[in-house]
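Take a look at the structure set out below.
FYI, it's all coordinate maths here, none of it is from the lab. Computed from a predicted model, the values in this text were never measured in an experiment. Because the Cβ atoms are built from the backbone with ideal geometry, glycine has one as well, and the counts that use them run over all protein chains shown.
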């Protein structure tokens, strides 16, 4: 079925509505600075924020290929969550149990810190600290939900997760399912956060150049088509957009979203999300949603195929098949939205490491830093990573356990293309099987092997 909204919806993030955007000049000529940051997303903005916190008056330049927040930072699902892309048990295999506890504790704290920071700096990012609800919609979901709860309990975080029965779930979301609730999550308007941070930084003297794509990044210098920045330190925050230069450390994986028109109070009474809880479930092809401050439902997920050679294709941002599937998933959860108008649809790439674990790295000899690999959980992770990067630049060390983490390289092509796209298709097949009540099976184990 071809849906009418595929032609009628605005091809831009719903977050662009009402955002106070400022046009900034591109880099022209040669300038000197103390730190130049490549990439005007949240990684770069938070790094600049912490540099100016630790050393007021420090000279910082940001160069952005498009406009600030053009990438995932300005079009994500708006989850300010404490989630890590891998389980605590899996992370502990890489960095040890004590360091895993430290990282997760930092993430819990960071959610509250960002909420408080928005209040302290009068950042109107539509923040609602309502926690997250992950629906359990069948036996296979129950297995994964129980694994999550046991994972948190094993590491001493039992108070940060709860199993809700049907009655208590329905108090938050009007569905006939059990769920897992995590209190350490808020929802935000990501574009407003990006723009407000940029204005705050400019008030502190940070210079932001838009439409200035870095053509060369190296020790002490960053070149763009019309300019050159010479610096003591350089930080590469391109994430998915730098995948082809990463030495197979990350690949770009597409995420997509749709947004409804503002819904009536009557409809919201039938849906729930009264505290603007972030919403997901336990399917393989991840979906995520939030009730926006203007009473829309913003609904996202994955499913677009990986492009050979880690290419980023703008055409993938508006994949009709995936946007149709998102609409069908939304209506499956909330049948009352079948006739609701979809006003916006969009998408873009996320940076995904082979072990799904993000990193912050700074070479004290050539003074070049790299960070990223947040796998869609970047709103909070970038805040933590930016603070760590600033300390590495200023002091040469930071105690964050993920500093210096080395993810294994992705397979060379064509194995990478075959493996990722096979896992993508199989995940969809597993979801269909599990929705029919099946648990586990060969396909599920194959997906685990391919993405694990």
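Here the sum of -39500 (n - 2.57) over DSSP H runs of 4 or more residues, divided by the residues of the chain, equals -11000 deg cm²/dmol at 222 nm, to the nearest 500.
How much length is gained on full extension from residue 16 to residue 204, taking 0.36 nm per residue of separation minus their Cα-Cα distance?
Roughly 65.2 nm would be gained on extension.
I need 94, 216, 310 ordered by Cβ neighbour count within 10 Å, fewest first. Working shown, then result.
Numbers: 94 17, 216 9, 310 23.
Listed from fewest to most nearby Cβ atoms, that is 216, 94, 310.
Shape annotation for segment 1-143: C-alpha extents along the principal axes are 61, 52, 30 Å, from largest to smallest.
Sort 217-226, 56-65 by the packing proxy (mean of other Cβ within 10 Å over each peptide's residues), most packed first. Walk me through the numbers before you get to the answer.
Values: 217-226: 15.7, 56-65: 20.9.
Highest mean packing first, the order is 56-65, 217-226.
Once you reduce segment 257-283 and segment 402-439 to the center of their Cα atoms, the two points are 29 Å from each other.
With the radius of gyration and the Kirkwood radius both derived from the Cα set of segment 316-443, what is their ratio Rg to Rh?
Numbers: Rg = 19.9 Å, Rh = 18.3 Å.
Ratio of gyration radius to Kirkwood radius: 1.09.
Per-residue extension of 0.36 nm, minus the Cα-Cα distance of residue 55 and residue 221, leaves a gain of 57.6 nm for this segment.
For segment 252-294, what is the convex hull (Cα atoms) projected area averaged across all directions, in square nanometres?
On the way: hull surface 16.3 nm².
Convex hull of Cα atoms, orientation-averaged projection: 4.1 nm².
With q set to 0.13, 0.20 Å⁻¹, the log10 of I(q)/I(0) for segment 76-218, from the Debye formula over equal scatterers at the Cα positions, is -0.75, -1.20.
Each peptide in 102-108, 201-207 receives the mean, over its residues, of other Cβ atoms within 10 Å, and ordering these scores from highest gives 102-108, 201-207.
Provide the percentage of antiparallel DSSP beta bridges, counting only those with both residues in the chain; round to the nearest 5.
65
Against the longest principal axis of the chain, how steep is helix 139-154, in degrees 0 to 90 to the nearest 10, with axes from Cα atoms? Its long axis makes an angle of about 50 degrees. Restricting the calculation to alpha carbons of segment 206-313 gives Rg and Dmax of 20.2, 58 angstrom. Ranked by the mean number of other Cβ atoms within 10 Å of their residues, highest first, the peptides 68-76, 139-147, 408-416, 292-300 fall in the order 68-76, 292-300, 139-147, 408-416.
Quick check for you: which residues of segment 305-336 have the amide N under 17 Å from the point 7 Å beyond the Cα of residue 4 toward its beta carbon? Correct set: 324, 327-328. Using a basic spin-label model with each label point 7 Å from the Cα along Cα→Cβ, how many nm lie between residue 432 and residue 165? So the two model labels end up 3.6 nm from each other. Between residue 26 and residue 364, the contour length at 0.36 nm per residue exceeds the Cα-Cα span by 118.8 nm.
Averaging Cα coordinates gives a centre for segment 140-170 and one for segment 192-241; these two points are 41 Å apart. Spacing of the modelled spin labels on residue 158 and residue 174, each 7 Å from Cα toward Cβ, amounts to 3.6 nm.
Restricting the calculation to Cα atoms, segment 5-410 shows an Rg/Rh of 0.96 when the hydrodynamic-style radius is the Kirkwood one.
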